[in-house]
Amino acid sequence: MKSLILIGFMGAGKTTVGKLLANTYNLPFIDMDAVIENDIGMTIDTFFEKYGEAAFRKKEQEVLADLMQQEAVIATGGGIVTSQANRTLLKSHPYVVFLKADPAVFLQRIKSDIAVKRPLASEKSDEAVRELYESRLDYYLESATVAINTDDLTPEEVVLELTRQL
Ligand code: S3P
């Protein structure tokens, strides 16, 4: 395996699991949101405020196309699957892993993660965030090679389970 892409909703554990996977497979770890923030020179939250979601999605698509060429474990942003072009790109990759988490779990994580302000979740109601997740669920499933239910697993167990399935 030369590269692996993690998809899933905000707070699903893509960064934590991604770092562990990168260690396990001796690959670099790339956080797409960090790459985007570095490119745009501001936080994603500020970019959303200044230019809106459509401009962010355009940038996100460019970065995904570029990162897919890299040999690395790549953690994507939760909205990566909202564009048809991205879903087509993801389907062309042999190792796309959907980290599935129960809404109660990711809602709790989003709330406790005060270091990251997420424009589509941080100040929204639980119901709105849950609806956003539900509107994306089929897209995650259709874009992934493997889906792992992470609810009762530690990040280390997720890595073991993945190793078994890939
Ligand atoms: C988003 C998820 C965020 C980030 C942006 C939009 C989304 O990434 O890309 O705030 O639409 O779900 P994380 O999933 O890493 O929080």
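Just so you know, all these numbers are worked out from the coordinates, no wet-lab data involved. The model shown is predicted, which means the values in this text are computed figures rather than measured ones. Note: ideal-geometry Cβ built from the backbone for every residue, glycine included; neighbour counts use all protein chains shown.
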Trypsin sites (Lys or Arg not before Pro) within region 117-166, DSSP loop, no more than 16 other Cβ atoms inside 10 Å: 117, 124
Residue 115-residue 61 pseudo-label distance in nm [points 7 Å out on the Cα-to-Cβ vector]: 3.2
Trypsin sites (Lys or Arg not before Pro) restricted to DSSP loop in region 1-79 with at most 13 other C-beta within 10 Å: 2
Subset of 19/111; 14/50; 14/58; 2/111 violating a 30 Å alpha-carbon distance limit: 2/111
Directionally averaged shadow of the chain, computed from the convex hull of its alpha-carbon atoms, nm²: 8.8
Residue-span extension gain [residue 138 to residue 19] - 0.36 nm each, minus C-alpha spacing: 40.3 nm
Between region 100-166 and region 1-62, the Cα center-to-center distance that results, in Å: 14
Nonlocal amide H pairs with residue 147, under 5 Å, H built at 1.01 Å: 98
Relative contact order (%) - region 4-159, alpha-carbon pairs under 8 angstrom, separation at least six: 37
